[in-house]
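Peer 1: Before we start, here is the structure in question, set down as structure tokens.
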Amino acid sequence: MSRLERVAVVAAGVTTPIGQDLDAFWSSLLTGASGISTIERFPVADLRVGRGGEIKKLTRIKRWDRVPDCRATRLLVSAADELIAQAPLGPAVVEPARLAVVVGTALGGVEEGERALAGEGPRRRLRGALYDSPGDNLARWLGARGPALTVSTACASGATALGIGADMLRQGQADLVVAGGYDILCRFVMRGFDALRSLTRDEVRPFDKRRSGLLLGEAAALVLLAREADAGRAPLGYLRGHASTGDGSHISAPDPDGRGLEHAARLALAEAGVGPEDVDFVSAHGTATPLNDRIETAVLKRVLGPRAPSVPVNSIKATMGHTMGAAATLEAIMCLLAGRHGQIPPTRHLEVPDPECDLDYVPGTARAFRPRLSLSTSLGFGGCNGALVLESA
Amino acid sequence: MSQAAGIPAPSVRAAGLCSAWGAGAAAVPADARAAAAGRSLLGLGRPALQGERFRRATRECLWALAAVEAMLEDGRAERGAIAGDRTALLFVSAAVYGASNRAFIEGTGGGTHFAYTAPAVIPAEAAIEYRLRGPSVLLIGGPPAALRAMWYAATLLAARACDRALVLGVETFEECADLYARARRRTAPPLVEAAACLWLEPGDGRLVLRSGRGGSRPDGARRLGDMLAVGPLAEVALRRHEGHPDPLGLTGAWRGEVANLIITKGAG
């Protein structure tokens, strides 16, 4: 594959447990503020673990008149509100038919299904249970009349969405693309991960020898993508390469050798037209499950080769939990902010090194370092893998 | 309609279709509504696949495998021909996850069932069975999502990210039949459970995908019934069966979007 046209990341918007705009999100990542708390929005007393990265109150939007009573939609709209505050998207800027929306999710509107089946609210609530409902609601809120896509490569969805959005621009399917990911905390997903015994009662400790699992979080993260020639103003950075691959190994566990993730990383670097020697920084999936972190470390060593020990790698999931469909987009935004501000957020709660995880994970405090080229990796159920190559502006 | 420049079109090496009408495209009736004889939903049941690995798998996963098997049969190919990291797998569905989600929500699925609520697990079962380890994408939506999956397959082939691309779709409805009965206005009965898989390879034409808002619902469902996202894939299988190996034009509508995928031959 040859080098493709760079796609500009013009603006971004986030709704997270550690901040409901980019500034708050970034400063929380740097200072180590925690978004983890006891979940209050629905009952968790019967679960082994009832903590997560819950957003206690959506503060950005005061009136929800035009927005369905669907939490996933509201997280997306809140993130979109920040996005359009930076980069207005009215008809004067882009013909509505040329504005596309591509969002990734692991859960879609499943909470609407839970509520409808429990007899809460009107029957039409069931329609909101379709996984593409929140994305469609977002497109309507934005006034976008171009293609509206929902991708669901599990917890790699936020990477796949950005990649497909970039391809849509390169091929003239749209002139601007709002792309990203979202997922919410609800009983459905908390019960599921609780049953799988994937949730930790301890802190989330990516790459730490004592790591014992993940915590979930909820978030929405969106970026505005444009062809480089159309970016028009100082962008946050560029999306250079993407790949999403399948392991073909197991329905819920990653391939023990990480072959699919390695393939994704190599394809993304090839699409970007760069080599492993060009990678300055890696944003790892880093869920803090024993298996994930060991596999990911081994893959990064193979992909980066002899330079691997000297390339900083971080995981931000200890700060706000694993935000599933939003995670990869949040991490992509983090990579670009690291380039802009010359700081790499630390991997929180990494205190006891694991001999099998022996890369430079930026433990403790933020590090002064300005990455130009970043690699972001993601994994998910179904053997889904995602890799993005991002370039700072 | 949004305009889009064409990209090199893939050719259809093989197509597999399993539907409630019966095995393959030959079973598709001339008129779905007449053949349904008043039934609003036609179910597929559970395919009889042997093997311990399939004991816990949901029937939608098994139909995904059955569609790939039907595709291999149509292409007279062994499974080894598609194995490896040079085969892309693109999965599309509007609502196939409904059955598993409902079972988990209502407590009939059990804790270990949770993994099956992820739509990604359906193509994963096919990927495991056929050792598909290449690029993989999953789109959720109706017929336009299927057309966009074909477009993305063409994109991956044109970029040489893979040598072949499988576009797989599955839709099942029976477990949520009561819910679909409530939403009958949203679908075009009869709802027909189906799974289909296309094997695409680099071709010599051009592929153009256009989409827009509004317009009338295409009547592709007249013969097939409403298969949601599987509809366009089934239509390709049907055309192939009837002697039109390359789809020249496919239309799909969903949530107000109408998408057209056009393949012209020989201009590549």
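The values are calculated or read from the model by the stated rules, or taken from the named source; none is laboratory data. Just so we're clear, the structure is a prediction, and the values are computed from it rather than from any experiment. Positions of Cβ are generated from backbone atoms using ideal geometry, with glycine treated the same way; all protein chains shown enter the neighbour counts.
Peer 1: Within the stretch A:116-131, can you find the residues that are within 17 Å of A:CYS186 (Cα to Cα) and facing chain B (nearest Cβ under 10 Å)? Break it down into steps so the answer makes sense when it comes.
Peer 2: Taking the stretch A:116-131 as the starting set, the residues that turn out to be within 17 Å of A:CYS186 (Cα to Cα) are A:116-121, A:125-126, A:128-131.
A:ALA116, A:LEU117, A:ALA118, A:LEU126, A:ALA129, A:LEU130, A:TYR131, listed by residue number.
Peer 1: How many of the residues in the stretch A:143-166 are of a type outside the set (S, T, N, Q) and touching a residue at least 60 places away in the same chain (Cβ under 8 Å)? Break it down into steps so the answer makes sense when it comes.
Peer 2: Just the residues of the stretch A:143-166 that are of a type outside the set (S, T, N, Q), to begin with: A:143-149, A:151, A:154-156, A:158-159, A:161-166.
This time we only want the ones that are touching a residue at least 60 places away in the same chain (Cβ under 8 Å), so: A:154-156, A:158-159, A:161-166.
Residues that pass the stated criteria total 11.
Peer 1: I've got another one for you. If B:ASP74 meets every condition in (1) more than 26 Å from A:LEU126 (Cβ to Cβ); (2) without any contact (Cβ under 8 Å) to a residue 60 or more places away in the chain apart from one, which number is that one?
Peer 2: (2)
Peer 1: I need the full set of residues from the stretch A:262-274 which are of a type outside the set (Asp, Glu) and within 24 Å of B:GLY84 (Cβ to Cβ), in order please.
Peer 2: A:HIS263, A:ALA264, A:ALA265, A:ARG266, A:LEU267, A:ALA268, A:LEU269, A:ALA270, A:ALA272
Peer 1: Sticking with this structure for a sec: Is there a residue being in contact with a Lys or Arg (Cβ under 7 Å, 6 or more places away or on another chain) and within 14 Å of B:GLU235 (Cα to Cα) anywhere in the stretch B:2-15?
Peer 2: yes
Peer 1: Among A:ALA332, A:ALA298, A:ALA393, which is the only one that is farther than 28 Å from A:GLU5 by Cα and among the hydrophobic types (A, V, I, L, M, F, W, C)?
Peer 2: Details: A:ALA332 fails: farther than 28 Å from A:GLU5 by Cα; A:ALA393 fails: farther than 28 Å from A:GLU5 by Cα.
None of the others qualify; the one that does is A:ALA298.
Peer 1: Specify the residue that is nearest to A:ARG294 (Cα to Cα); the eligible residues are those in the stretch A:243-271 that are more than 12 Å from chain B (Cβ to nearest Cβ) and not in a loop (DSSP other than H, G, I, E, B). Before the answer, list the steps.
Peer 2: Residues of the stretch A:243-271 more than 12 Å from chain B (Cβ to nearest Cβ): A:256, A:265, A:269.
Imposing the further condition that a residue be not in a loop (DSSP other than H, G, I, E, B) reduces the set to A:265, A:269.
Values: A:ALA265: 16, A:LEU269: 22 Å.
Out of the qualifying residues, it is A:ALA265.
Peer 1: Next question. Please indicate, with yes or no, whether at least one residue in the stretch A:1-17 is within 24 Å of A:GLY104 (Cα to Cα), modelled with pLDDT under 95 and in contact with a Phe, Trp or Tyr (Cβ under 9 Å, 6 or more places away or on another chain).
Peer 2: Let us first name the residues in the stretch A:1-17 that are within 24 Å of A:GLY104 (Cα to Cα), namely A:4-17.
The next check asks that each one be modelled with pLDDT under 95; those that pass are A:4-6.
Now drop any that are not in contact with a Phe, Trp or Tyr (Cβ under 9 Å, 6 or more places away or on another chain), which leaves A:6.
Yes: one or more hits.
Peer 1: To continue, here is another question. Suppose we filter B:LEU157, B:LEU166 for residues that are in a helix (DSSP H, G or I), among the hydrophobic types (A, V, I, L, M, F, W, C) and more than 8 Å from chain A (Cβ to nearest Cβ); which single one remains? Before the answer, list the steps.
Peer 2: Working: B:LEU166 fails: in a helix (DSSP H, G or I).
The match here is B:LEU157.
Peer 1: Looking only at the stretch A:186-232, count every residue that is farther than 30 Å from A:LEU300 by Cα, away from chain B (no Cβ under 14 Å) and assigned to a loop (DSSP other than H, G, I, E, B) and tell me the total.
Peer 2: 2
Peer 1: Moving to a separate point now. Scan (1) under 12 Å from the mean Cα position of the chain (by Cα); (2) of a type in the set (Ser, Thr, Tyr); (3) surrounded by fewer than 17 Cβ atoms within 10 Å (Cβ to Cβ) for the single condition A:SER310 breaks and write down its number.
Peer 2: (1)
Peer 1: Residue by residue through the stretch A:42-60, note down the ones that are of a type in the set (D, E, K, R) and touching a residue at least 60 places away in the same chain (Cβ under 8 Å).
Peer 2: In the first step, residues of the stretch A:42-60 are kept if they are of a type in the set (D, E, K, R); the result is A:46, A:48, A:51, A:54, A:56-57, A:60.
Matches in the stretch A:42-60: A:ARG48, A:ARG51, A:GLU54.
Peer 1: Taking B:PRO10 as the residue in question, decide whether it is touching a residue at least 12 places away in the same chain (Cβ under 8 Å), away from every other protein chain (no Cβ under 14 Å), assigned to a loop (DSSP other than H, G, I, E, B) and touching a helix residue (DSSP H, G or I) at 6+ places or on another chain (Cβ under 7 Å). Break it down into steps so the answer makes sense when it comes.
Peer 2: Working: touching a residue at least 12 places away in the same chain (Cβ under 8 Å): yes; away from every other protein chain (no Cβ under 14 Å): yes; assigned to a loop (DSSP other than H, G, I, E, B): no; touching a helix residue (DSSP H, G or I) at 6+ places or on another chain (Cβ under 7 Å): yes.
When the stated conditions are applied, B:PRO10 does not pass them.
Peer 1: Also, I was wondering about something else. Quick check on the stretch A:240-247. Is at least one of its residues out of contact with any Asp or Glu (no Cβ under 6 Å at 6 or more places or on another chain) and more than 27 Å from B:CYS61 (Cα to Cα)? Spell out how you get there, then give the answer.
Peer 2: Step one: filter the stretch A:240-247 for residues out of contact with any Asp or Glu (no Cβ under 6 Å at 6 or more places or on another chain), giving A:242-246.
Keeping just the survivors that are more than 27 Å from B:CYS61 (Cα to Cα) gives A:242.
Scanning the stretch A:240-247 turns up at least one residue that is out of contact with any Asp or Glu (no Cβ under 6 Å at 6 or more places or on another chain) and more than 27 Å from B:CYS61 (Cα to Cα).
Peer 1: I've got another one for you. Can you name every one of the helices (runs of 4 or more DSSP H) wholly within the stretch A:64-167 that holds 2 or more residues which are in contact with a Pro (Cβ under 7 Å, 6 or more places away or on another chain) and modelled with pLDDT of 95 or more? Show your work before the answer.
Peer 2: Values: elements: A:71-86, A:110-117, A:133-142.
Per the criteria, A:71-86.
Quick grid of which residues meet (1) buried (at least 24 other Cβ atoms within 10 Å of the Cβ); (2) not in a loop (DSSP other than H, G, I, E, B):
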residue: A:VAL274; (1), (2): no, no
residue: A:VAL282; (1), (2): yes, yes
residue: A:THR287; (1), (2): yes, no
residue: A:VAL299; (1), (2): yes, yes
residue: A:ALA326; (1), (2): yes, yes
residue: A:LEU330; (1), (2): yes, yes
residue: A:ILE333; (1), (2): yes, yes
residue: A:ARG340; (1), (2): no, yes
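Peer 1: While we're here: Got at least one residue in the stretch A:180-203 being crowded, with 21+ Cβ neighbours inside 10 Å, over 30 Å from B:THR108 (Cα atoms) and among the hydrophobic types (A, V, I, L, M, F, W, C)?
Peer 2: no
Peer 1: Further question: Please work out if A:GLY104 is facing chain B (nearest Cβ under 9 Å) and either in contact (Cβ under 8 Å) with a residue 12 or more places away in the chain or aliphatic (A, V, I, L, M) (or both).
Peer 2: Details: facing chain B (nearest Cβ under 9 Å): no; either in contact (Cβ under 8 Å) with a residue 12 or more places away in the chain or aliphatic (A, V, I, L, M) (or both): yes.
No.
Peer 1: Does any residue of the stretch A:166-179 turn out to be at the interface with another protein chain (Cβ under 7 Å from one of its Cβ atoms) and buried (at least 24 other Cβ atoms within 10 Å of the Cβ)?
Peer 2: Within the stretch A:166-179, one or more residues are at the interface with another protein chain (Cβ under 7 Å from one of its Cβ atoms) and buried (at least 24 other Cβ atoms within 10 Å of the Cβ).
Peer 1: Out of the helices (runs of 4 or more DSSP H) lying entirely within the stretch B:34-139, which hold 1 or more residues that are within 11 Å of chain A (Cβ to nearest Cβ) and aliphatic (A, V, I, L, M)?
Peer 2: Details: elements: B:59-74, B:98-105, B:121-130.
Hits in the stretch B:34-139: B:98-105, B:121-130.
Peer 1: Working only within the stretch B:35-76, note down all residues that are of a type in the set (Gly, Ala, Ser) and within 20 Å of B:HIS241 (Cβ to Cβ).
Peer 2: B:ALA35, B:ALA66, B:ALA67, B:ALA70, B:GLY75
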